[in-house]
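Heads up, the thing below is written out as structure tokens.
The values are calculated or read from the model by the stated rules, or taken from the named source; none is laboratory data. Note that the structure is predicted; figures quoted are calculated from it, not measured. Here Cβ is always computed from backbone atoms with ideal geometry, including for glycine, and neighbour counts include all displayed protein chains. Note: accessible area is taken over every heavy atom of the protein model, side chains too, but ligands, DNA and RNA are not part of it. Shrake-Rupley method; radii C 1.70, N 1.55, O 1.52, S 1.80 Å.
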Amino acid sequence: MSDTAPASGGKRASGEPERGGDARGGDAIVSLFYNPTFRGVLYQVALIAAISFILYEAATNAIVNMRRLGIVSGLSFWNAPAGFDINQRLIDYSSTYSTYGDAFWVGLLNTLLVAGMGIVLATLLGFIVGVARLSRNKIISLLASSYVEFFRNIPLLLQLYVWYNAVLRTLPAPRQSLTLADAAYLNNRGLFLPQPVFGPGSEALLAAAAAAIAAIAFYRRWARRDQDITGRQHATGTVSLLILLGALAAAWFLAGGPVTFNVPEQRGFNVAGGLQVFPEFVALLLGLSIYTAAFIAEIVRAGILSVSRGQTEAAYALGLRPGVSQRLIIIPQAMRVIVPPLTSQLLNLTKNSSLAVAIGYPDLVQVFMGTVLNQTGQAIECVVITMGVYLLLSLLTSFVMNIYNRRVAIVER
Amino acid sequence: MTTTGETTNGRTTVGPIAFVRASTVPAQKPPVLVGGPVAWVRANLLSSPLNVLLTVIGLYFIYLIVPPAVRFLLVDAVWTGDDRNACLAETVGREVGACWAYVGFRLRFFVYGAYPDGELWRANLVFVLCLVGIVWLLSTRMPRKGLGAVYFFGVFPVAAFILLYGWPAIGLRRVDTSLWGGVVVTLVLAFTGIVVSLPFGILLALGRRSRLPLVRLVSVIFIEFWRGVPLITVLIMANTMLPLFLPGNISPDKLLRPIVGVALFASAYMAEVVRGGLQAIPKGQFEGAQSLGLNYWQLTRLIVLPQALRIVIPGIVNTFIGLFKDTSLVSIVGIFDLMRTIEVSLADPRWSTPVTAPTGYAFAALFYFICCFGMSRYSIAMEKRLAAGHDRQGTVK
């Protein structure tokens, strides 16, 4: 911004009549106004004043309105008994003794659960579809692009309704449950799976897994160094898997089979016991994963196309087979292009999980911005807390992804 | 090796020559086809065992999806009828697919909601005016784009509001927004979203690149806040908190609340798209403009924005597609957009059949798909058009 030019000298030299008549003080004010630094400060002061005014008005109105409506602001409701039930809970919760605070944690965990599983599923599906779209097999690529165009252009909310009302609701009643070997049941109340019960000694499994992961890390480092020095290749994938499975199996036998399964059974009109996966959860997970995968597929395709053809040809010239060159040459380079937009898609998935409220899955929004807000009337607190959680999740995710991004970025001279 | 042999009647007398062909070469097989459908299938579908397997799997998927879909949507569909009996397998006596009779019966509700019967022409006129604006702005062959923008962003919103809401002074009966519904509301939301978010997004993008630290800070906080929270929380906030923040007993219109929420939300996303365009403008353009003596607003309005906005047209259209799909979320907070009219109509016992819900959803899906797919095709075509200029300059794609 070059406002300096006409500031003082130019104006006086040109001797414009309307300014020539001004008093000396007026001229000083005009030149001050043309001073970019001063103008910058002026703009910013005006902006801050305007924002402060809006905030002040909003705050005073809110205070007046809340007094009129008899709402007492504050977080005192946090420890008040909630008195409503939540069907899916990862921590202990009951309408008889739990508080609104407990309800918040139940909702938050449910959000994280569906978002976490959705991220894994959507990424897997998205990569498969994205690679399939580039397949030389025209039927496969046609299927993949149909998938992308179809699911991308229909609102997620509609897809959730379809999954929930038109697909899962039409499953048979509990009496006619579909069953797999009498151990898993599927009906319109959800999916019933054998639930693992961790008896005494289960910690051994955890310890074994930790030890195995540490051992694998050491082994892989050694294998890599050995390959750098001698050129010998090691089957790191197979060996890692063997170490992990071996450690777990050893721990299992040493601890005497600590984990038992609570198998669901069909009793009269219902299925009892086992792990119940609610249809709301399944619908939300399916909807989120399938919808987001369509976007991820496009990102993956663009990423792979961004790697120049010469890279593939060079890999073939080195004698690498197509699968290997894809894995070792193309994908690592494509990841650089893929990761930033992928991050924002995974964030979108997390935020979209709030559509749970439409089909009644008890996620954070449904529980806290829905039931709790309606019961307590603490609109500001509930909205601020819920939005704060999503903001925090967004910031955390972008933070972690930025670290990764920095690791895979091209190191330039 | 000298040749002394002489040839008679195709026979060669044996001399020092080891071999001379005595008969014509047998005709070779014709070369493998390189054109035509057979060759295409061989090259693209059956080139290797893995490829054959993929083809079989792909065909199986198509077999799983396409015939049932066609059967449901077209073959077994019921096209006429007055109530649920037309679409019940028991009364019809055959497998029943989509119940289009129900969509036909409810179509008025899906498009206009509870808009009064005598005033429907007003909504229709708005549709036509909107279409004129869209074609004017989006078609590359239409002249006077500047005038088109004034029409679409200035004249049309006012005209549409007067037409839809009514103005008793000029003889248009007032129609309360609670009577609006269906596609009308969906389009109102989407349109207001784009009309507000585009200028506001541009301002925010400029603010984010401003050299005034406080302006930058405010823009960044604003953009990152709206981008960090889900739209549904914004809508609930607009519903529950907006009345609290306004003075006295002003209770904002029920439809206005989500419009404000959607517009603010879309502005933040639009700002990031525009920022991408601003960053793509080479520094020389700024410097050139400054050396011509243009001040900040002249430089922005005459040099930077025309170039930046051209680049990001595909991005703007994509944002708009997202916005258009996201308008369906207002149904959760009780606004009668297309999604909600369908949900409500499903509860009607007169049309309660097992196929009603799938039919309603199929109709909604069709509507959204046609709109969004059309927009995304346009965006791709535009992208190619814009890339053409770069190609000529030898820029690597």
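Some observations on this one:
- Cα-Cα over 26 Å, subset of B:Lys325/B:Lys384; B:Lys254/B:Lys325; A:Lys351/B:Lys325; A:Lys138/A:Lys351; A:Lys351/B:Lys384; A:Lys351/B:Lys254: A:Lys138/A:Lys351; A:Lys351/B:Lys384
- Computed over chain B: relative contact order in percent, which uses C-alpha pairs under 8 Å that are six or more apart: 16
- Region A:292-344 and region B:122-192: distance between their alpha carbon centers, rounded to Å: 45
- Relative packing of A:199-206, B:166-173, which averages over residues the other C-beta atoms within 10 Å, highest first: A:199-206, B:166-173
- Semi-axes of the equivalent ellipsoid for chain B, Cα gyration tensor, largest first, Å: 58, 39, 19
- With a 10 Å cut-off around each Cβ of B:358-365, the average count of Cβ atoms from other chains is 4.
- Across the protein chains, with a 1.4 Å probe defining accessible surface, the residues A:Glu265, A:Glu381, B:Glu90 rank B:Glu90, A:Glu265, A:Glu381 from largest area downward.
- Largest-first principal axis extents of the Cα set of region A:82-130 (Å): 49, 15, 13
- Taking all protein chains as they are arranged and a probe of 1.4 Å, the heavy atoms of B:Val52 leave approximately 50 Å² accessible to solvent.
- Over the protein assembly as shown, volume per residue of the alpha carbon convex hull, in Å³: 351
- Packing rank of A:52-63, A:229-240, A:352-363, where each peptide gets the mean count of other beta carbons within 10 Å, highest leading: A:352-363, A:52-63, A:229-240
- Ranked packing of B:91-103, A:287-299, B:108-120, most packed first, by mean Cβ within 10 Å: A:287-299, B:91-103, B:108-120
- Between A and B, accessible area buried - total, square angstrom, nearest 100, 1.4 angstrom probe: 4800
- The residues packed around B:Ala86, meaning those with a beta-carbon under 15 Å from its beta-carbon, carry a net charge of -2 if Lys and Arg are +1 and Asp and Glu are -1.
- Here's how it looks for A:Gly83: its modeled amide H is under 5 Å from those of A:Ser98, which are all 5 or more places away or on a different chain.
- Over chain A, the fraction of Cα-Cα pairs per 10 Å bin, rounded to whole percents and listed from the shortest bin up, is 4, 13, 18, 22, 18, 11, 8, 4, 2, 1, 0.
- All-pairs alpha carbon distance profile, region A:314-413, 5 Å steps from 0, percent: 2, 11, 15, 14, 12, 10, 9, 8, 7, 5, 4, 2, 1, 0
- Shielding by partners - mean other protein chain Cβ count within 10 Å, residues of B:234-246: 6
- Mean partner shielding of peptide B:287-296, defined as the number of other chain Cβ atoms within 10 Å of each residue Cβ, is 2.
- B:Leu131 contributes an accessible area of around 110 Å² to the protein surface, as traced by a 1.4 Å probe with all chains present.
- Dimensions (Å) - region A:196-331, Cα atoms, principal axes, largest first: 65, 42, 19
- Scattering profile of region A:241-303 at q = 0.13, 0.14, 0.23 Å⁻¹ [log10 I(q)/I(0), Debye over alpha-carbon scatterers]: -0.79, -0.83, -0.90
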